[in-house]
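Only one structure is covered here, and it is reproduced in the block below.
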Amino acid sequence: MNTKLRYGMVGGGPGAFIGEAHRRSINIDGKAELVSGWFSRSFEKTKERGRELGISEDRCYATFEEMAKAEAAREDGIDFVVVVTPNVSHYSICKAFLEAGIHVSCDKPLAVSVAQAEELERLANDKGLLFLVTYTYMGHVTARHAREIIKAGELGKIRTVVAEYPQGWLAYEGEWGGKQGEWRCDPEQSGNTNCLGDLGTHIENAVTTMTGLKIKRVLARMDKVVPGRKRDDNDFVMAEFENGATGLFWSSQIAIGHDNSLRVRIYGDGGSIQWFQEEPEKITVIKKDGTITEVHRGYSSIAPEAAKYGRLPSGHPEGWFEAMGNLYKSFIECIEAKKNGTFTPDMIDYPTVSDGVEGIRFVEACLKSQELGNVWVDL
Ligand SMILES: NC(=O)c1ccc[n+]([C@@H]2O[C@H](COP(=O)([O-])OP(=O)(O)OC[C@H]3O[C@@H](n4cnc5c(N)ncnc54)[C@H](O)[C@@H]3O)[C@@H](O)[C@H]2O)c1
């Protein structure tokens, strides 16, 4: 008997980036099977991708609206949908699937306004549907270890956070970036921010997930450095958390020499941590007595709540796919539990629609801060 869940994908057509990454990550545990899709706005390309993926033609759709309705009506319809299209389209696509009663996984940023994001949250809650927002990096075992040791008080009271996410791939207009760069720089497709929505939301999620703190207010400077660019490509944000701690965040797409350098440093009154996504197999913990410990995934020093997501012994490197796979592991377990009546909210161990809303609140407050002349704005 096939006990796999069934899922559909919106986006992830020929030449797309993140859709294929989602498919590979979901496949790691083999608990869900791709059975339908609207992969591209071109029906021909959707069918082409469907054929490559072995999906029957009657489950390749010409529009996402048709897909949501048809899949909801089928006895063997999809259990969840994966939304991996450019940012501006997230809201209407997610809404259509939630209204059809289907669980949703959507990539970040969740939407392009707080009003949209809150509506998705309300819809999911009203309908009792699960909603994963794929902030990939928080799937890393070492990132989860940071969350666990901070929760256990190992760093004491958190005082300040410095986090950065520099990339260099959009340092020039037109020359670099390809299809992915094109839509990110186009307000019609990425919304009212580019870099902050793309990278700053990862910082906001990493920092608040690891520390458990909420951001109270921000002061942002959002620059368009490359001549002719219509949206931000280099952002500095000062933040104040609800416990009085402070934060300094830098996100950039013009930082030549950096690939995907999300780095988080968190300082408490009892110690600090340093975590770097390009070296996700380790995390450095420094105690106030000066002891410096490099904690490696795969060893007993990793907190059990984080270690349970490891799949390989130490020294057999895990990476980005596994991190995304870990988010799906919890999401899929929760859907299975919903189906067999054993679900309880404390099972959720992935970023939810509410985390997605927080990301958009952060973006909107930064935009307002920039617009008002770089002043403090409450979230
Ligand atoms: N979690 C992460 O680390 C991460 C990394 C990269 C991208 N993302 C997010 O994933 C989403 C997709 O990014 P990508 O880099 O894969 O983009 P992409 O351009 O590579 O792929 C987008 C896909 O969506 C399809 N599509 C459907 N509706 C569309 C529409 N209205 N406009 C344009 N294309 C449409 C395109 O045909 C294409 O197949 C974005 O929201 C992005 O922020 C997340």
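A short reminder: the numbers here are calculations on the coordinates, not readings from a lab. This one's a predicted model, so the numbers in the text were calculated from it and none came from an experiment. For neighbour counting, all protein chains shown are included, and Cβ atoms are generated from backbone atoms with ideal geometry for every residue, glycine included.
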Could you tell me how far the Cα centroid of segment 212-252 sits from the Cα centroid of segment 336-365, in Å?
24
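Taking the Cα centre of the chain as the origin, how large is its charge dipole in debye, to the nearest 20, when only Lys and Arg (+1) and Asp and Glu (-1) carry charge on their Cβ atoms?
My answer is approximately 420 debye.
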Farthest toward positive dipole pole in segment 161-289 [+1 Lys/Arg, -1 Asp/Glu at C-beta], among C195, T246, A163:
T246
Calculated FRET efficiency for the pair R41/K224, C-beta based, R₀ 41 Å, to 0.05
0.90
What is the distance in Å between the Cα centres of segment 264-311 and segment 114-152?
21
Long-range amide H partners of R159 with built H, under 5 Å
Y267, G268, D269
Sequence-distant or interchain residues sharing an amide H contact under 5 Å with N243, placed H: which?
K214
Sorted by chain and then number, the residues having a modelled amide H within less than 5 Å of the amide H of E318, at least 5 places away or on another chain, are none
Over segment 128-241, relative contact order from alpha-carbon pairs under 8 Å, at least 6 apart, %
27
In debye, nearest 20, what is the charge dipole magnitude of segment 100-208 about its Cα centre with +1 on Lys and Arg Cβ and -1 on Asp and Glu Cβ, if you could check?
600
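With 31 Å as the limit, write out which pairs from K287/K308; K214/K338; K127/K179; K69/K329; K214/K329 have Cα-Cα distances beyond it, or answer none. Numbers along the way, then the final one.
Numbers: K287/K308 25 Å; K214/K338 29 Å; K127/K179 36 Å; K69/K329 26 Å; K214/K329 26 Å.
From K287/K308; K214/K338; K127/K179; K69/K329; K214/K329, over 31 Å: K127/K179.
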Checking A303, A117, A68 against a Gaussian network model of the chain (alpha-carbon springs below 10 Å), the top fluctuating residue turns out to be A303
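Ranked from highest to lowest mean number of other Cβ atoms within 10 Å per residue, what is the order of the peptides 311-321, 226-236, 262-272, 292-302? Please list the in-between numbers first.
On the way: 311-321: 13.5, 226-236: 17.9, 262-272: 19.9, 292-302: 15.4.
Answer by packing, highest mean first, reads 262-272, 226-236, 292-302, 311-321.
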Quick calc, segment 221-267, dipole around Cα centre from Cβ unit charges on Lys, Arg (+) and Asp, Glu (-), nearest 20 debye, gives 180
Once normalised by the length of segment 58-162, the mean sequence separation of its alpha carbon contacts under 8 Å that are 6 or more apart gives a contact order in percent of 20
